[in-house]
Amino acid sequence: MPESNIPFSHDRWEVLALLREISRELKLGERELSVLSAHLSVLAKGPIRSEQVLVSYAGLPVLLERANCMDERRFRRGEARLEALGLVARKLSANGRRFPVRNGAGRVIDAYGLDLRPLFDALPRLLLIRQEKRALEAERKAICTRISARLSAARRQFEAAQTALPDWFCELARDIRNTLRRAVPALDALAQIEENLSQALSNETSAKASEPASTPDIMAADDGQTVRHSDSKEKEIYKQPATSVAEIWQTCPTLSEYYPTPPAHERDLLTRIHDVCGFLGLRPATRDRMAVTLGLHGIARCLDDLAGRISGIERPDAYVASMLRRLELRKPSKTNHVRHIPHYDRGHSGLEIGV
């Protein structure tokens, strides 16, 4: 059975919403969508059925008004673009006029104008395009989540070891931030970043494993019995133990009111952070940037401060994005070898970032 003979019944505005969702893939602009919306609005009321006349024959002044008073030349260019994409077909009379053809009973049986049937015949193909787009978006989101998780885990390892962040790590984190800022990051770029991160972490692990163990200095002349007149006093090194998830939660009094029981493990804490970001209206892209820039402890402290002052913040997502931009502009200090993950000082009225 030819595709044009398949019976159908569709909601015109759901079809228009579908086109808006895949407009990037079809290379449709707002002009074409406005033109198509005007033509759809003049069809008979109710669901669009295969047996009805699907030709828009309204006069141009009516269509221009329904297209937000668009200029006539721009409107006609939009129609030409829709026809080039195969979504509509021109069906004009000999003199170029648009009008209906009625039978003896006055019922419209045909018309001259813009035929919208190709749009509804192409719906299976358009639905397939949307399905493929959503699958790519899900894959892209999964890769971004894996990259952010691995980067945060590596940052925590350097923090626990009380070592300065390597140059390669800072450069890689900057590349990841730049990639995640894009509206639609390319899958090949994300895959390359994930591969580079895995290779860099693997090289770092191999380098640490191949480092020779330090041996005491022994002089052969006295069989190791070196007598020193004065020994320098060893420096006292204060190592801060790695903070557990329960200790992190104790530093977040506002979040503790919503979740009185401390998280049992890191995954539990990540789940709570994900939920709180949703409650506060933070976008996934902002959450990923927070993971890259702040680390696990920093995110918890930031969300706790934000939740405590949410009534006074009109746009939480823009507020956090602005704070992250200011933080990312700061160059890491070469003399600070203790802690490179920002923390938040709750003693001030606003978020104060320090290292």
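The values are calculated or read from the model by the stated rules, or taken from the named source; none is laboratory data. Here the structure is a predicted model, which means the values were calculated and not measured. When we count neighbours, we look across all protein chains shown, and the Cβ atoms used for this are built from the backbone with ideal geometry, even at glycine.
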Inset, instruction - Scan the stretch 35-68 residue by residue and report those that are outside any loop (DSSP other than H, G, I, E, B) and of a type in the set (Asp, Glu). - result: Glu65
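From Glu204, Glu139, grab the single residue that is at pLDDT 85 or above, assigned to a helix (DSSP H, G or I) and of a type outside the set (Gly, Ala, Ser). Don't jump to the end; show me each part of the working.
Working: Glu204 fails: at pLDDT 85 or above.
When all the criteria are applied, what remains is Glu139.
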Legend entry - Residues satisfying the stated conditions in the stretch 308-324, i.e. in a helix (DSSP H, G or I) and over 22 Å from the mean Cα position of the chain (by Cα): Gly308, Ile310, Ser311, Gly312
Inset, instruction - Output the qualifying pairs, or none if there are none: Cβ atoms under 7 angstrom, residues six or more apart or on different chains, first residue in the stretch 130-143 and in contact (Cβ under 8 Å) with a residue 12 or more places away in the chain and under 17 Å from Ala285 (Cα atoms), second residue among the acidic types (Asp, Glu) and assigned to a helix (DSSP H, G or I). - result: Ile143/Glu194
Inset, instruction - Could you figure out which of (1) over 30 Å from Ala135 (Cα atoms); (2) in contact with a strand residue (DSSP E or B) (Cβ under 9 Å, 6 or more places away or on another chain); (3) at pLDDT 95 or above isn't true of Arg77? - result: (2)
Inset, instruction - For the stretch 171-184, state whether one or more residues are of a type outside the set (S, T, N, Q), over 21 Å from the mean Cα position of the chain (by Cα) and crowded, with 16+ Cβ neighbours inside 10 Å. - result: no
Legend entry - Given (1) of a type in the set (Lys, Arg); (2) without any contact (Cβ under 8 Å) to a residue 60 or more places away in the chain; (3) in contact with a helix residue (DSSP H, G or I) (Cβ under 7 Å, 6 or more places away or on another chain), number of the condition Arg102 does not satisfy: (3)
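Being modelled with pLDDT of 80 or more, surrounded by fewer than 18 Cβ atoms within 10 Å (Cβ to Cβ) and among the aliphatic types (A, V, I, L, M) is the requirement here; does Ala246 meet it?
Numbers: modelled with pLDDT of 80 or more: yes; surrounded by fewer than 18 Cβ atoms within 10 Å (Cβ to Cβ): yes; among the aliphatic types (A, V, I, L, M): yes.
The answer is yes for Ala246.
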Inset, instruction - Count, please, the residues in the stretch 93-129 that happen to be in contact with a Leu (Cβ under 9 Å, 6 or more places away or on another chain), of a type in the set (Lys, Arg) and either part of a loop (DSSP other than H, G, I, E, B) or not assigned by TED's automatic domain parsing to the domain that holds Gly59 (or both). - result: 1
